[in-house]
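Chemist: Dropping the structure in here first, questions after.
The values are calculated or read from the model by the stated rules, or taken from the named source; none is laboratory data. These figures come from a predicted structure and were not determined experimentally. As a convention, Cβ positions derive from the backbone with ideal geometry for all residues, glycine included, and neighbour counts pool all protein chains shown. Surface areas here come from the heavy atoms of the whole protein model, side chains and all, with no ligands, DNA or RNA. Shrake-Rupley method; radii C 1.70, N 1.55, O 1.52, S 1.80 Å.
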Amino acid sequence: MVCKNEDGPFVWSQPIQALISTSFLWGYITTNIPGGRLAEVVGTKYLLTGSMLLTSVLTVLVPPAAYLGWQYVVFIRVLMGIALGPSFLSMHPMIAKWIPPTEQSTISALVYGGAELDTVSGLLLTGFIIENIGWEVVFYIEGCFGVVWAVFWLLIVHDNPEELPKISEKEKTYIKHKSQKMYMCQIRDSVWNNKWCIYAGFLAGPSPVGIVSGPDEDESFKPLKVLVISISVTGFRNIDLTQDGPRTVNQETQPGKLNSVMRTLDKFRIDIAGLSETRLTGFGTLNSETYHILYSGLETRKEAGVGMALRSRAKKCLVDWEPINERILRARFVTSQAKLTVIVVYAPTNDAVDQTKDDFYRVLSNVVAKAHRHDIVTLCGNFNAKVGSDASYAPAILGRHGLGEINDNGVRLIDFCATHELIVGAS
């Protein structure tokens, strides 16, 4: 092997060579960090296309700039750094949209490993090209290759699965639900005390969300000893609820039905219970033998309606409550450990028109979004949804014990959970 020790066409001192080499980083650091946020705003597809096109054009300009003077090379290298700065961090938003969390480490390693492979192969080819063709050709080849790459990237790449025209609905659903993170609030005994644990989840039917390990003899209201359930009471349309309790208005109604339900709740020492399809008009409060009841309904028609039954100690801890509409009611409680926000819902049936369902989830999303950030937020009631027994497409949201086939309301419920980082309990 023959090693030639010859100077190139430009005799530049070591400090100037160091200046040229590091000038790229001056520009790179100015756009590297903002690049991730910029990709979220304009999209990785267009940001990376512009970055590569501009860098490629500047690469082609390096040889003529070198003949003009080293100062021009430094200037172009700074511009190249500015142009290429967003490239690496801009990939994160795209990976997050396309790749499920369980596969993101592998794909990220392949994506960023490809950049290192390009560096190694480029160094090997550069020496060969310089030796046999000329140093200027290196910049021309790499610049032209970058332009071609950017054009192909612009034509075939999409920022998210929804923009890809040929993707199947099955694949789109898989990517969408697999990409949701699991945010299950699991507060273990080592955090609070050595006796209790609670799973704060998202209910889609009558089932417990707070688990107590035994009866609570202390009458003080504590979040780790609260059992919140959702029940659907459908017989209120035949009952006139007054401050003194239910009154029969026709022979079909069983006398004392409300008090019977409340006695059952009291038997199991349930502090807060969500009631759906109450069919009460207007909004206000009622008292049964053992519970204080908050309710919200339509102004005139006895349709839908939601309510919340509060045992005496829960009533003492009630901070405020808000009747949103005939399908949503919110209440907030103060406890010894944390604030607790409970939202009771009665969703439209699966046969309802899409506009009605859209309006319901739009209002519900606003209510959840306005909850205090440090509160334990629990939703209960009747979502009229079937999430199905196949949890593979949304393992971060669903459990393994669902029933039946998923319906349209089930899809909407899962989308809602994914948006607000919730899980479906009892599934």
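Chemist: Of everything in region 22-42 that's in contact (Cβ under 8 Å) with a residue 12 or more places away in the chain and of a type in the set (Ser, Thr, Tyr), which residue is least open to solvent (accessible area, probe 1.4 Å)? Even if it seems obvious, please write down each step before you answer.
Modeler: So the first thing to find is which residues in region 22-42 are in contact (Cβ under 8 Å) with a residue 12 or more places away in the chain, and the list is 23-36, 38-40.
Checking the rest, the ones that are also of a type in the set (Ser, Thr, Tyr) come to 23, 28, 30-31.
Details: Ser23: 0, Tyr28: 50, Thr30: 79, Thr31: 31 Å².
That would be Ser23.
Chemist: Give me a count of the residues in region 260-290 that are within 26 Å of Thr300 (Cβ to Cβ) and part of a strand (DSSP E or B).
Modeler: The number of residues fulfilling the criteria is 8.
Chemist: Can you confirm whether region 368-388 contains a residue that is of a type outside the set (S, T, N, Q), more than 21 Å from Leu329 (Cβ to Cβ) and modelled with pLDDT of 90 or more?
Modeler: No, there is no match, as no residue in region 368-388 is of a type outside the set (S, T, N, Q), more than 21 Å from Leu329 (Cβ to Cβ) and modelled with pLDDT of 90 or more.
Chemist: Which condition breaks for Thr106 when tested against (1) assigned to a helix (DSSP H, G or I); (2) surrounded by 12 or more Cβ atoms within 10 Å (Cβ to Cβ); (3) under 44 Å from the mean Cα position of the chain (by Cα)?
Modeler: So Thr106 meets the others, but not (2).
Chemist: Let me ask something else. Pairs please, first residue from region 1-19 and aromatic (Phe, Trp, Tyr), second anywhere and at pLDDT 65 or above, Cβ atoms under 8 Å, 6+ apart in sequence or on different chains.
Modeler: Every condition considered, the pairs that remain are Phe10/Ala66; Phe10/Trp70; Trp12/Ile20; Trp12/Trp70.
Chemist: If you check Gly381 against the conditions, is it open to solvent by less than 40 Å² (accessible area, probe 1.4 Å), in a strand (DSSP E or B) and small (Gly, Ala, Ser)?
Modeler: Here the answer is yes, as Gly381 does meet what is asked.
Chemist: Just one of Glu6, Glu40 is in a loop (DSSP other than H, G, I, E, B) and at pLDDT below 90; which is it?
Modeler: Being in a loop (DSSP other than H, G, I, E, B) and at pLDDT below 90 holds for just one of Glu6, Glu40, which is Glu6.
Chemist: Is it fair to say Glu252 is touching a helix residue (DSSP H, G or I) at 6+ places or on another chain (Cβ under 7 Å), at pLDDT below 85 and more than 21 Å from Phe333 (Cα to Cα)?
Modeler: In short, yes.
Chemist: Is it the case, given these coordinates, that Leu47 is at pLDDT 90 or above, within 21 Å of Asp159 (Cα to Cα) and of a type outside the set (Phe, Trp, Tyr)? Don't jump to the end; show me each part of the working.
Modeler: Values: at pLDDT 90 or above: no; within 21 Å of Asp159 (Cα to Cα): yes; of a type outside the set (Phe, Trp, Tyr): yes.
So Leu47 fails the test.
Chemist: Go through region 325-349 and give me each residue that's touching a Lys or Arg at 6+ places or on another chain (Cβ under 6 Å), surrounded by fewer than 23 Cβ atoms within 10 Å (Cβ to Cβ) and either modelled with pLDDT of 95 or more or not polar (S, T, N, Q) (or both).
Modeler: Scanning region 325-349 gives a single hit, Pro348.
Chemist: Under 6 Å between Cβ atoms, at least 6 apart or on separate chains: pull out the pairs that start in region 307-332 with a residue that is at negative phi and in a strand (DSSP E or B) and end on any residue that is basic (Lys, Arg) and open to solvent by less than 50 Å² (accessible area, probe 1.4 Å).
Modeler: Val319/Arg332; Asp320/Arg332; Glu322/Arg330
Chemist: Taking Asp415 and the conditions (1) modelled with pLDDT of 85 or more; (2) at negative phi; (3) not in a helix (DSSP H, G or I), which numbered condition does it fall short on, given that it satisfies the others?
Modeler: Every listed condition holds for Asp415 apart from (3).
Chemist: With respect to the numbered conditions (1) of a type in the set (A, V, I, L, M); (2) open to solvent by 30 Å² or more (accessible area, probe 1.4 Å); (3) in a helix (DSSP H, G or I), which one is the sole condition not fulfilled by Leu364?
Modeler: (2)
Chemist: Next question, about the same structure. Show the residue pairs that are 6+ apart or on different chains and have beta-carbon atoms under 6 Å apart, the first residue being within region 264-293 and within 18 Å of Thr341 (Cα to Cα), the second being open to solvent by 50 Å² or more (accessible area, probe 1.4 Å) and of a type outside the set (A, V, I, L, M).
Modeler: Ser276/Ser232; His292/Lys315
Chemist: Restricted to region 339-349, and to residues that are under 23 Å from the mean Cα position of the chain (by Cα) and not in a strand (DSSP E or B), which residue is farthest from Cys380 (Cα to Cα)?
Modeler: So, considering only residues that are under 23 Å from the mean Cα position of the chain (by Cα) and not in a strand (DSSP E or B), the one farthest from Cys380 (Cα to Cα) is Lys339.
Chemist: Okay, moving on. Can you find a residue in region 43-66 that is open to solvent by 50 Å² or more (accessible area, probe 1.4 Å), touching an Asp or Glu at 6+ places or on another chain (Cβ under 8 Å) and either in a helix (DSSP H, G or I) or not acidic (Asp, Glu) (or both)?
Modeler: So far as region 43-66 goes, no, none of its residues is open to solvent by 50 Å² or more (accessible area, probe 1.4 Å), touching an Asp or Glu at 6+ places or on another chain (Cβ under 8 Å) and either in a helix (DSSP H, G or I) or not acidic (Asp, Glu) (or both).
Chemist: Moving on. Just to verify a result, which residue in region 78-103, among those that are β-branched (Val, Ile, Thr) and assigned to a helix (DSSP H, G or I), is most open to solvent (accessible area, probe 1.4 Å)? Step through it out loud before you land on a result.
Modeler: First pass over region 78-103, keeping only residues β-branched (Val, Ile, Thr): 78, 82, 95, 99, 102.
Subsequent filtering for residues that are assigned to a helix (DSSP H, G or I) retains 78, 82, 95, 102.
Values: Val78: 35, Ile82: 70, Ile95: 15, Thr102: 117 Å².
Across region 78-103, the extreme among qualifying residues is Thr102.
Chemist: From the list Ala352, Ala309, which residue is over 20 Å from Ile423 (Cα atoms) and surrounded by fewer than 17 Cβ atoms within 10 Å (Cβ to Cβ)? Before the answer, list the steps.
Modeler: Values: Ala309 fails: surrounded by fewer than 17 Cβ atoms within 10 Å (Cβ to Cβ).
After applying the criteria, what remains is Ala352.
Chemist: Still on this model: May I ask you to list pairs of residues, at least six apart or on different chains, whose Cβ atoms are under 6 Å apart, with the first in region 376-394 being more than 26 Å from Leu340 (Cα to Cα) and the second being assigned to a loop (DSSP other than H, G, I, E, B) and acidic (Asp, Glu)?
Modeler: These pairs meet every condition: Gly388/Glu405.
Chemist: Same structure, new question: Cβ contacts < 6 Å: first residue at negative phi, restricted to region 350-366; second residue open to solvent by 60 Å² or more (accessible area, probe 1.4 Å) and in a helix (DSSP H, G or I), any location; separation 6+ or different chain. Result?
Modeler: Here the result reads Asn350/Asp408, each pair linking region 350-366 to a residue that is open to solvent by 60 Å² or more (accessible area, probe 1.4 Å) and in a helix (DSSP H, G or I).
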